[in-house]
Amino acid sequence: MHVPKHPLLWLAAAGLAGMLAGCATPPPASQPDALADYRSTNDPIEPFNRAMYGVNNQLDRYVIRPAAVAYTDVLPDGVRHAIHNVLGNLASPVTLGNDMLQGRPRRAGDTLARFVINTTIGGLGAFDVAKRLGYPNHDTDFGVTLALWGVGTGPYLFLPVLGPGSPRDSSGRLVDIAADPLGHFGQGIAVTALNWGRFTLNLVDARSQYLGTFKEIRRTALDPYATFRSLYRQHRDAQVAATRTDDQRTVPAWFPAPSAASSTPPAPAS
């Protein structure tokens, strides 16, 4: 049996294989309000999702959060910021591929320029020189690409470590993982160790960004699971909408736009 060498691919495949372990029973038609709420929630496998959320909470409590706390305690802000930038720069090839598939040449141009500039004069991405030159950063993935192609999000899906998602977004993660050139560079134990190391560092870095936020939600929310579900959907909807309406011109932000006077055609000679 072939086991995917990339840890994220293995985790996603294992989670998707077990997603049908439990299904919520929809309310009967005689309870229209409950049935409408069930449909708007769009979480038909809620028992499975809540079980996976519970597993994830234990992993977070005993492994992920302590690692993120130690990460913030040991490393100064500047070093963590540089690591975050490098990790983002390493994801640029996948981002570029999705920009192109989405038909967004402005975003693709920004991504390519950022990768070239930050990899060279930005110290492999540690310093975001490209942003200061007018090439802003943006996040995207194949789940967003599928959304722009008209694929519906589908029901809610929660997977341990990977967190909240949907069949569309979780499938998109699998495609992004498979398409990442760094995940296929070389062979052997060293490559496997690098993949696991990059995965772990991404996980700890991402968790460190939300230490206070997650703590507050778990402290104040009546149902943290439902709160995280709602926040995730709002974030994804906003991300898809921003990509759909983004300007497609491939020019840096500092490039002078034509003035209103220069864009007005000259008056005909009398």
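The values are calculated or read from the model by the stated rules, or taken from the named source; none is laboratory data. Just so it is clear, the model here is predicted, and its values are computed rather than measured. Virtual Cβ from ideal backbone geometry, glycine too; neighbours counted across all protein chains shown.
Brief remarks on what is shown
- Helices (runs of 4 or more DSSP H) enclosed by segment 65-133 - at least 1 residues per element that are within 18 Å of the chain's Cα centre (by Cα), buried (at least 17 other Cβ atoms within 10 Å of the Cβ) and modelled with pLDDT of 95 or more: 77-90, 92-101, 105-120
- Some residue of segment 45-56 being farther than 25 Å from Asp205 by Cα, at pLDDT below 95, part of a helix (DSSP H, G or I) and β-branched (Val, Ile, Thr): no
- Count - residues of segment 221-241 that are free of Cβ contacts under 8 Å to residues at least 24 places away in the same chain and more than 19 Å from Gly54 (Cβ to Cβ): 5
- Any hit, segment 138-150, residues being assigned to a loop (DSSP other than H, G, I, E, B), at pLDDT below 95 and either crowded, with 18+ Cβ neighbours inside 10 Å or touching a helix residue (DSSP H, G or I) at 6+ places or on another chain (Cβ under 9 Å) (or both): yes
- Residue in segment 212-224 that is in contact with a Lys or Arg (Cβ under 6 Å, 6 or more places away or on another chain), at pLDDT 95 or above and either within 30 Å of Tyr156 (Cβ to Cβ) or not in a helix (DSSP H, G or I) (or both) present: yes
- Residues of segment 192-222 satisfying the condition of being over 12 Å from Leu87 (Cβ atoms) and either among the aromatic types (Phe, Trp, Tyr) or in contact with an Asp or Glu (Cβ under 6 Å, 6 or more places away or on another chain) (or both): Trp196, Tyr210, Phe214
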